[in-house]
Amino acid sequence: MGSRYIIGLILLLIISGVYITITFENKYVRIEIAGSTSVQPVAEKLAKAYMEKHPNVKIDVQGGGSGLGIRSVSQGIIDIGTSSKELKADEKKGLEEYLIGKEGIIIAVNLNNPVNDLRLEQLRNIFSGKITNWKEVGGADGKINVVTREDGSGTRKAFEDIVMGKKNKIRSDAIVQTSTESVKLAVKQDPNAIGFVSLAHMSADVKALKTEGIYPSLQTVADGSYKIQRPFIFLSKGEPERLVKDFIDWVLSPEGQKIVEEEKIVPAK
Amino acid sequence: MTKSKNEFIIEKGLLITALSSIVIIALIIIFIFIEGLPAMESYGPINFIFGLDWSPSDNQFGVFPMIIGSLGITALSLLMAVPLGLFCAMFLAEVAPNSMRKILKPTIQTLAGIPSVVYGFFGLIILVPIMREQFGGTGFSMLTASIILTVMILPIIISVSEDALRSVPHEYKEASLALGATHWQTIKNVIFPAAIPGIITSIILGMGRAIGETLAIIMVAGNVVQIPHSIFDPVRALTSNIAIEMGYATGIHYNALFATGIVLFLMIIILLIFANYLHYKKKVTIGGGYL
């Protein structure tokens, strides 16, 4: 029996020893970022570049959605919340906002779809269900399959605000996909589908439509001529701590903004 | 340390581990009810359960279409998986030569080990386009989800009912064959009826998996909140509803998602009670009572 106690004691010593060494070596500073899944990829790129320059800083970037980002930062759980939609007045309370960039939302259709250009009104009617056949907007005869995002998604919110307006709702029988990539996949596979994805996720396997005659690009988003766009925002609770502030300042510096631009997001400055 | 003291410690230790699972379940149930009941109360339990409109941004929380969605997907997949699974189990237990069983068994077990996201992805890439070309619409449908679920619950039904068929006492089979029955008559009239309680257990387990599956369903069911008019219509399951919107939900919407969990919980309890009743009843009438 005695030898077991000794072994147990030694184990305990080793464990506490390791624990102490780890906590003592743990000298770097952590910055926690969470929020919009649309902002996540660019925030990760920014964090990686920043950590390479500042090895003593460790930045964790998580998703969860704009709502979660706003909620967590105002509860003080995280250092920086990210949002891809404008904040409502009651959400803004006590929060500092930093616009890091603007992003276009693309109306995507199948590559085989002959339609090239839709007016905002036509889009509104398609997504609300008043137009149900491609033939009504100059395409081939075929039922329009509307693909949307889930309620709460930042991309959907921005799309609703800009395209649908207050009175119109996206038709309730539209297929709901839970990520940008799955919307693209659904559109890529279905010749009659239409969906919306962010400009940063645009790729050659789906076709981007012009709206009101303007093709979505970094330039048309920047000068405001492409209407379907939304802000990317960093949020902090009150005035951020010095290290967090350093990071945000760096993101807004030319160096940080260059990384933002590389991610196909229009820099704020 | 004396022997009796040792025994005492082990007995109590085992008791505590057994109790801990009950405590954990009780805590989860309490938590779900605390979080979910406010939404049910403020929206009205009847409106919540039988409401047809789910639109959190307009404060509409009716989960009835999703109850139908969950039940529909589960029923349809059981309809496909039960006959397939039972015949496969019969084949494995009674007909298959040993060499074949050695290949089939591990294959079926592998099927059970594949993560649900892989099934979902397979469905999204392969099955959805096929369904669209064959049956029109978008390809995202109740049927598509059921087919994926069928493949997911098959291994459970096959392996549990095979065990049930195998544990029917050998004397039964010998007696039947001695009376001049053919092999198929023996399986149909003796072995299968004697194994029914175990087979019902396999179906209960399969049903549990089907009704609780989330990720694969989200990827192929289309997630539209509507009562389907045909099996080719897209639907949303209760589990999907929670998973899709949890990240965004605040306030009453958040509570409503927990209330969705309560509905799901009650549904599973009702189905389990029904299935267990069937299980119990069959056990008595057969009189085998082995499984």
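The values are calculated or read from the model by the stated rules, or taken from the named source; none is laboratory data. Model, not experiment: these values are computed from the prediction. Cβ atoms come from the backbone with ideal geometry, glycine included; neighbour counts cover every protein chain shown.
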Of the listed residues (B:Gly206, B:Gly123, B:Gly137, B:Gly198), the one being of a type outside the set (Ser, Thr, Tyr) and outside any helix (DSSP H, G or I) is B:Gly137
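For A:Pro231, state whether it is closer than 25 Å to A:Gly76 by Cβ, surrounded by 14 or more Cβ atoms within 10 Å (Cβ to Cβ) and within 21 Å of the chain's Cα centre (by Cα).
Working: closer than 25 Å to A:Gly76 by Cβ: yes; surrounded by 14 or more Cβ atoms within 10 Å (Cβ to Cβ): yes; within 21 Å of the chain's Cα centre (by Cα): yes.
Considered against the rule, which asks whether it is closer than 25 Å to A:Gly76 by Cβ, surrounded by 14 or more Cβ atoms within 10 Å (Cβ to Cβ) and within 21 Å of the chain's Cα centre (by Cα), A:Pro231 comes out as yes.
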Quick check, is B:Gly120 within 14 Å of chain A (Cβ to nearest Cβ) and surrounded by fewer than 15 Cβ atoms within 10 Å (Cβ to Cβ)?
-> no
If we take the stretch A:171-241, then strands (runs of 3 or more DSSP E) inside it with 1 or more residues that are within 30 Å of A:Arg30 (Cα to Cα) are A:193-198, A:229-237
Counted residues in the stretch B:162-192 being of a type in the set (Gly, Ala, Ser) and either within 30 Å of A:Gly195 (Cβ to Cβ) or not in a helix (DSSP H, G or I) (or both) come to 3
With the first residue restricted to the stretch A:129-152 and required to be assigned by TED's automatic domain parsing to the domain that holds A:Asp190 and at pLDDT 90 or above, and the second required to be surrounded by fewer than 21 Cβ atoms within 10 Å (Cβ to Cβ) and of a type in the set (Asp, Glu), Cβ contacts under 9 Å at 6 or more apart or on different chains are A:Gly129/A:Asp173; A:Asn133/A:Asp141; A:Trp134/A:Asp141; A:Lys135/A:Asp141; A:Ile144/A:Glu136; A:Val146/A:Asp173
Within the stretch B:231-257, of all residues that are in a loop (DSSP other than H, G, I, E, B) and within 11 Å of another protein chain (Cβ to nearest Cβ), the one surrounded by the most Cβ atoms within 10 Å (Cβ to Cβ) is B:Arg236
For B:Ala221, are the conditions met, namely being in contact with a helix residue (DSSP H, G or I) (Cβ under 7 Å, 6 or more places away or on another chain), at the interface with chain A (Cβ under 10 Å from one of its Cβ atoms), farther than 13 Å from A:Thr178 by Cα and surrounded by 21 or more Cβ atoms within 10 Å (Cβ to Cβ)?
no
The number of residues in the stretch A:218-241 that are over 26 Å from A:Leu68 (Cβ atoms) and among the charged types (D, E, K, R) is 2
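Among the listed residues B:Ser146, B:Ser159, identify the single one that is in a helix (DSSP H, G or I), in the same structural domain as B:Ile227 (by TED's automatic domain parsing), modelled with pLDDT of 95 or more and crowded, with 19+ Cβ neighbours inside 10 Å.
That would be B:Ser146, the only listed residue that is in a helix (DSSP H, G or I), in the same structural domain as B:Ile227 (by TED's automatic domain parsing), modelled with pLDDT of 95 or more and crowded, with 19+ Cβ neighbours inside 10 Å.
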